[in-house]
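Let me begin by presenting the structure, written as structure tokens, before commenting on it.
The values are calculated or read from the model by the stated rules, or taken from the named source; none is laboratory data. Remember, it's a predicted structure, so these values are computed and weren't measured experimentally. Neighbour counts run over all protein chains shown; Cβ positions are idealised from the backbone, glycine included.
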Amino acid sequence: MTFFMLNAPAIRRFFQRFRPTTLDRYLINQVVPPFTIALAVVMTALLLERLLVLFNLLAEGNNNLRTFVELLTTLLPHYLGLAIPAALCVSVFAVMRRMSQNEEIDAANSSGLSLLRITRPYIHLGLVLGVISFLLYGFIQPHARYDFRAAFYFASHTGWSPRLQPRMFARPSSDLTLVAEDVTQSGSELKNVFIHDTSDHQERNITARKGHIRIASDGSTVQLDLEDGIIVSDSGDKPPSLTTFQHSTRYLTHASQTTPFRERGDDERELTSPELISKIVRQDGSISRPHMWSELHFRLARSLTIPFIPLLATALAMARKRQRNNAGLPIAFILMIGFDHILQFGHSMVATRQLSVLVIWAPALVFIVLCVALLLYRSGTFLLWRARWAQPARTRQA
């Protein structure tokens, strides 16, 4: 008989132990909608400030909408890493708070299920989100951070972007002169436009009712889109010609050649976790070793604390009977925000060689112990242990 056949019953019992039950599926189904809503709300709140910055960049540089979408997409992994812990805490707290008020927790306890057993599917969910966060922090965010910086660099160096004023002549090139009677939208929207063009050994006088200056989609030229106009052409050896148009595009000038953006890896936050480990082992001097060491431990500490957030949310969601107001959620947010700031402070201290990596792991360990201790206290496990320890003492006294 093989080793697998001898241990088949044990393996079967192991899988049966962790097989989702009806209660587990019910709890997961209850937490998915609030988690999705909380994730969307937190992501929106975090992106609002950056959206205003990107809108200003889009308006000032006359960039197209594709540039804005590209910049916004590269920001999503960074803010997703911040939103996942907050959404997990809010959703688990909301579900457990509602179950506590509806006495579903009491019904489960009366049937022999402890609070620890009820929380088990949320602990598994935290483990899954912890793995996702580890991949997010260590593999996706470094590439997204570099892509954002590269896209922002090219959007900020798109070349000539004129800021015209009403009734003032501008010369984007040596053979082109233009003037507009009215200018709006920071110099990009023109009305009653006149253009004098002497390129290609011809003289062209162009008038149009409207004009719009923008950067071409490929970023190589600055173009002027004209509407409802007339072109009077004179080549000198032929009679002048007149052409009317509804829409016409004139290329004002070629955008300046932007120097290529640097290669990825000048910043430790742009390196994936395997790349950080490789540079640390090889003692690569391109980046400070304390910065790489601190960044690696910071990512690991943040990822390992996420599975314990459901324990904190469950413990703070339990309230006394007939108690409507519960400060558990604000307390949870204060603890999580304070822990994150302490972790970032430790990260900066380790990076500047002032303290060891214990400054990162000590707060993480305290947070983990606090989450576990709060749930054990709420579940009555401490009282049960105390009763068990006291029983032998009473037996010896008798």
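Things worth noting here:
- When residues of region 329-369 are limited to those that are in a helix (DSSP H, G or I) and of a type in the set (S, T, N, Q), the one nearest to residue 298 (Cα to Cα): 344
- From the list 146, 153, the lone residue that is modelled with pLDDT of 90 or more, closer than 27 Å to residue 72 by Cα and either under 44 Å from the mean Cα position of the chain (by Cα) or surrounded by fewer than 19 Cβ atoms within 10 Å (Cβ to Cβ) (or both) is 146.
- Pick from region 234-246, criterion at pLDDT below 90 and surrounded by 13 or more Cβ atoms within 10 Å (Cβ to Cβ), ranking: nearest to residue 191 (Cα to Cα): 234
- Listed by first and then second residue, the pairs with beta-carbon distance under 8 Å, at least 6 apart or on different chains, first residue in region 38-55 and without any contact (Cβ under 8 Å) to a residue 24 or more places away in the chain, second in a helix (DSSP H, G or I) and of a type outside the set (A, V, I, L, M), are 54/68; 55/68.
- Pair list, Cβ < 7 Å and 6+ apart or interchain, from region 68-90 residues that are of a type in the set (Asp, Glu) to residues that are part of a helix (DSSP H, G or I): 70/151
- Residue check, residue 164 surrounded by 20 or more Cβ atoms within 10 Å (Cβ to Cβ) and either among the charged types (D, E, K, R) or modelled with pLDDT under 85 (or both): yes
- Qualifying residue in region 119-128 (condition: small (Gly, Ala, Ser) and surrounded by 21 or more Cβ atoms within 10 Å (Cβ to Cβ)): yes
- The condition of being of a type in the set (A, V, I, L, M, F, W, C) and under 24 Å from residue 307 (Cα atoms) holds for only one of 53, 41, 69, that being 41.
- Considering 278, 286, 303, the condition of being assigned by TED's automatic domain parsing to the domain that holds residue 127, part of a helix (DSSP H, G or I), surrounded by fewer than 20 Cβ atoms within 10 Å (Cβ to Cβ) and of a type in the set (S, T, N, Q) is satisfied by 278 alone.
- Taken as a whole, the structure leaves residue 41 outside the set of residues that are surrounded by fewer than 16 Cβ atoms within 10 Å (Cβ to Cβ), more than 19 Å from the chain's Cα centre (by Cα), of a type in the set (A, V, I, L, M) and modelled with pLDDT of 65 or more.
- Inside region 264-297, residues that are of a type in the set (S, T, N, Q) and farther than 24 Å from residue 342 by Cβ make up a count of 4.
- Among residues of region 346-373 that are over 16 Å from residue 85 (Cβ atoms) and assigned by TED's automatic domain parsing to the domain that holds residue 333, those with a Cβ under 8 angstrom from a residue that is in a loop (DSSP other than H, G, I, E, B) and not charged (D, E, K, R), sequence gap 6+ or separate chain, pair up as 346/355; 349/355; 350/356; 350/357; 351/288.
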